[in-house]
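Structure, as structure tokens:
The values are calculated or read from the model by the stated rules, or taken from the named source; none is laboratory data. Predicted model only: the values in this text are computed from it and were never measured. Positions of Cβ are backbone-derived with ideal geometry, glycine not excepted, and every protein chain shown enters the neighbour counts.
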Amino acid sequence: MQSPGKLELNRRDLMVGTAASVSLAAVTNSAHAQTQKVDAPMRNDVSFTVNGKPVSLELDNRTTLLDALREQLQLTGTKKGCDHGQCGACTVLVDGKRINSCLSLAWMHEGDEITTIEGLGTPENLHPMQSAFLEHDGYQCGYCTPGQICSAVAVLDEIKAGVPSHVTGDITADPQASELEIRERMSGNICRCGAYSNIVEAMTDVAGRPA
Amino acid sequence: MKSFTFERAETPAKAAAAAANNENAKFIAGGTNLLDLMKLEIEVPTHLIDVNKLKLDRIEETDDGGLRIGALVRNTDLASHQTVRRDFGVLSRALLAGASGQLRNKATTAGNLLQRTRCPYFYDTNMACNKRQPGSGCSAIGGFTRQLGVVGVSDACIATNPSDMNVALRALDATVETVKPDGETRSIAIADFHRLPGDTPQVETALEHGELITAVTLPAPVGGKHIYRKVRDRASYAFALVSVAGVIQPDGTGRIAVGGVAHKPWRMEEAEAELPQGAQAVANRLFADARPTDDNEFKILLTERTIAAVLDEARA
């Protein structure tokens, strides 16, 4: 077994090596981009609807939906947490379904209807789920909250649509918005402050209201 | 992420032909696994072929009473389909045990079949990995192996297949339908689709370069109790330590496929013949040639106990 000290030294050496290879890659990459530009461009146009408004953008092909929303459209309500689909902070609705916007390329959303936290409600006219999060104190630092709320809205829609889950007892029957179901369905949204119990209360409150 | 160009394919045959022209091209559908790996530069395609408009998103009954699942059917839609829930429950259960709601909304049937391993040494580009960089060695062997393979492993690789869906498809004797760049179509039995690592762990499936999955077909339902039991480090949104897909008949016979233990879903007919003798007899056959490490030896007993739990549930 290596001592922790030895491991640290190795890691530092590796970091230096990695930095050098990254800058080298950047040089070859830009040269490659220039030679390819003629027939197949590394940037492209995309048009979709965000919160009811049509938008057209010219983007690097690598731009994720998350970065297009935050960096190009200044819709910074949607948050970048892990950027690898593990935390759920980037959750938005695409054609009414929740996805991780960090794991989706912007150009693949041509013609789609995207809803972010800014499109669910406004400070003057909150979405019922936003009000419920306020009422039940469903957050502490608030960083994961836009993703939690977008996910929460979609979860209640999924239950209404009859989508089963891992904890559904009889998968041939319609699922109910029980606490167990809500907890399972929200497992893709991490809250490091640990506001989970209040998030479940907020969702249970909204689920119990007449439609 | 490295720069790339892209195109939107119009037909499956055109998509396959486009891929054949470029050694570094990749198909992209849901993108939930591929983009993650591209951000880490573990996957570095120079060209992406978007297959989302190929209209392969339907679930249809086949003439022999089975089901034909389009390659682009999303995991949520497959798990929610009434016929799947009623007649192929183990498939619904397996899908719902995997990933998160957000990921299941994007991830496709074909993409799930092609999921890359979650071996931490494959993900860490500072480490040697024969799968990521053939010939570089395997840092997992002699490393932290708790989550890695115990059976069908090689001296080159001890990674596991991370998919839950694949385990259920193996228990259901699914077939993978494909089209090659020259337009030829073929059917590959799920048992032959995923490969053991051997000396070439970078070759994970029977697919040729450019070959596109168009559908997965299931034979007519076989009845029985459909159970998927997954054991993991947290109750939700985690990969399996071990998982068991069981289709158990009232007379105690049935099918058992195991996930989390090998480079492919692990199923043996001679082990299933032991089902009337109980979980221990089945596990003894499944793991007769196992080569576990000190850190993951527990998976053998855990699988036996998980099979026992499945058999209990089937009897209940």
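Observations on the structure shown:
Matching residues to (1) part of a strand (DSSP E or B); (2) within 11 Å of chain A (Cβ to nearest Cβ); (3) under 19 Å from the mean Cα position of the chain (by Cα); (4) more than 30 Å from A:Cys87 (Cβ to Cβ):
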site	(1), (2), (3), (4)
B:Phe27	yes, no, yes, no
B:Met38	no, yes, no, no
B:Leu48	yes, yes, no, no
B:Thr76	no, yes, yes, no
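- Candidates are the residues of region B:1-13 that are surrounded by 18 or more Cβ atoms within 10 Å (Cβ to Cβ) and not in a loop (DSSP other than H, G, I, E, B); the one that is farthest from the other protein chains (Cβ to nearest Cβ) is B:Ala13.
- Condition met for B:Gln115 (free of Cβ contacts under 8 Å to residues at least 12 places away in the same chain and surrounded by fewer than 24 Cβ atoms within 10 Å (Cβ to Cβ)): no
- When every residue of region A:105-115 is checked against the conditions, none turns out to be under 20 Å from A:Ser187 (Cβ atoms) and touching a helix residue (DSSP H, G or I) at 6+ places or on another chain (Cβ under 6 Å).
- Among the residues listed as B:Gly210, B:Gly223, B:Gly198, the single one being part of a loop (DSSP other than H, G, I, E, B), at pLDDT 95 or above and under 24 Å from B:Asn22 (Cα atoms): B:Gly210
- Residue in region B:222-229 that is exposed (fewer than 14 other Cβ atoms within 10 Å of the Cβ), more than 14 Å from every other protein chain (Cβ to nearest Cβ) and touching a residue at least 12 places away in the same chain (Cβ under 8 Å) present: yes
- Test result for A:Cys144, away from chain B (no Cβ under 11 Å), modelled with pLDDT of 95 or more and crowded, with 23+ Cβ neighbours inside 10 Å: yes
- Pick from region A:101-114, criterion in contact (Cβ under 8 Å) with a residue 60 or more places away in the chain and either farther than 11 Å from A:Val50 by Cα or within 14 Å of chain B (Cβ to nearest Cβ) (or both), ranking: surrounded by the fewest Cβ atoms within 10 Å (Cβ to Cβ): A:Gly111
- Being more than 16 Å from B:Gly111 (Cβ to Cβ), among the polar types (S, T, N, Q) and either modelled with pLDDT under 95 or out of contact with any Lys or Arg (no Cβ under 8 Å at 6 or more places or on another chain) (or both) holds for only one residue in B:Thr185, B:Thr160, and it is B:Thr185.
- Every residue from region A:148-184 that is β-branched (Val, Ile, Thr), within 18 Å of A:Gln86 (Cα to Cα) and at the interface with chain B (Cβ under 10 Å from one of its Cβ atoms): A:Val155
To keep it simple, each residue is scored yes or no on (1) at pLDDT 95 or above; (2) assigned to a helix (DSSP H, G or I); (3) over 30 Å from B:Phe27 (Cα atoms).
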{"residue": "A:Arg98", "(1), (2), (3)": "yes, no, no"}
{"residue": "A:Gly119", "(1), (2), (3)": "yes, yes, yes"}
{"residue": "A:Ala152", "(1), (2), (3)": "yes, yes, yes"}
{"residue": "A:Val167", "(1), (2), (3)": "yes, no, yes"}
{"residue": "A:Glu181", "(1), (2), (3)": "yes, yes, yes"}
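- Hey, A:Cys87 under 15 Å from A:Ile190 (Cα atoms), in contact with a Cys (Cβ under 8 Å, 6 or more places away or on another chain) and surrounded by fewer than 18 Cβ atoms within 10 Å (Cβ to Cβ) or not: no
- Residue that is nearest to the chain's Cα centre (by Cα) [pool: residues in region B:50-74 that are within 11 Å of chain A (Cβ to nearest Cβ) and free of Cβ contacts under 8 Å to residues at least 60 places away in the same chain]: B:Arg74
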